[in-house]
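Report on one structure; see the data block that follows.
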């Protein structure tokens with residue numbers, strides 16, 4: 001039995017494992033490693049803050065993910081399959097490491113975020 005997501009350290013475990021899996025994924029890995037060449041030293045702390053705020057309402061994240069993903073979409077042309085794969089990997093990563101109320105909330109929020117982005121980005125195409 002896994003523990004729930006309770007601290008920033010738990011979020012770091014989740015996000016680190018998630019992006020390791022994402023970068024190795026045959027469907028979406030190239031987006032992160034080749035297409036946009038993510039600067040992980042910069043990106044990971046932002047993601048830690050984003051998910052800490054998403055799950056614990058800390059107010060530490062102030063970015064605009066939609067604007068960033070609009071730029072990525074212009075470079076890569078994201079598809080529904082990309083969003084579905086991202087969501088599947090996120091859910092699997094949560095399930096492999098955590099269980100409980102916050103773990104379920106994380107999966108729900110990830111699905112909501114991906115759905116909104118998919119609709120906003122792909123409806124314009």
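General observations
- Residue in region 12-25 that is in contact with a helix residue (DSSP H, G or I) (Cβ under 9 Å, 6 or more places away or on another chain), farther than 23 Å from residue 102 by Cβ and surrounded by 13 or more Cβ atoms within 10 Å (Cβ to Cβ) present: yes
- Residue that is modelled with the lowest pLDDT [pool: residues in region 76-110 that are outside any helix (DSSP H, G or I) and over 15 Å from residue 17 (Cα atoms)]: 77
- Any hit, region 59-75, residues being part of a loop (DSSP other than H, G, I, E, B) and either within 11 Å of the chain's Cα centre (by Cα) or crowded, with 18+ Cβ neighbours inside 10 Å (or both): no
- Check on residue 7, over 23 Å from residue 120 (Cβ atoms) and at pLDDT 95 or above: yes
- Those residues of region 38-48 which are surrounded by 10 or more Cβ atoms within 10 Å (Cβ to Cβ) and either in contact with a helix residue (DSSP H, G or I) (Cβ under 9 Å, 6 or more places away or on another chain) or outside any helix (DSSP H, G or I) (or both), in sequence order: 38, 40, 43, 44, 47, 48
- In a residue-by-residue description of region 50-57, the property of being under 17 Å from residue 76 (Cα atoms), crowded, with 16+ Cβ neighbours inside 10 Å and free of Cβ contacts under 8 Å to residues at least 60 places away in the same chain applies to no position.
- Residue 47 passes every criterion in (1) within 13 Å of the chain's Cα centre (by Cα); (2) over 16 Å from residue 113 (Cβ atoms) apart from (2).
- Take the conditions (1) crowded, with 17+ Cβ neighbours inside 10 Å; (2) touching a helix residue (DSSP H, G or I) at 6+ places or on another chain (Cβ under 6 Å); (3) more than 18 Å from residue 9 (Cβ to Cβ); residue 85 misses just one of them, which is (2).
- Matching residues, region 24-33, being under 16 Å from residue 71 (Cβ atoms) and without any contact (Cβ under 8 Å) to a residue 40 or more places away in the chain: 32
The values are calculated or read from the model by the stated rules, or taken from the named source; none is laboratory data. All values reported here derive from a predicted model rather than from experimental measurement. Please note: Cβ atoms are built from the backbone with ideal geometry, for glycine as well, and neighbour counts cover all protein chains shown.
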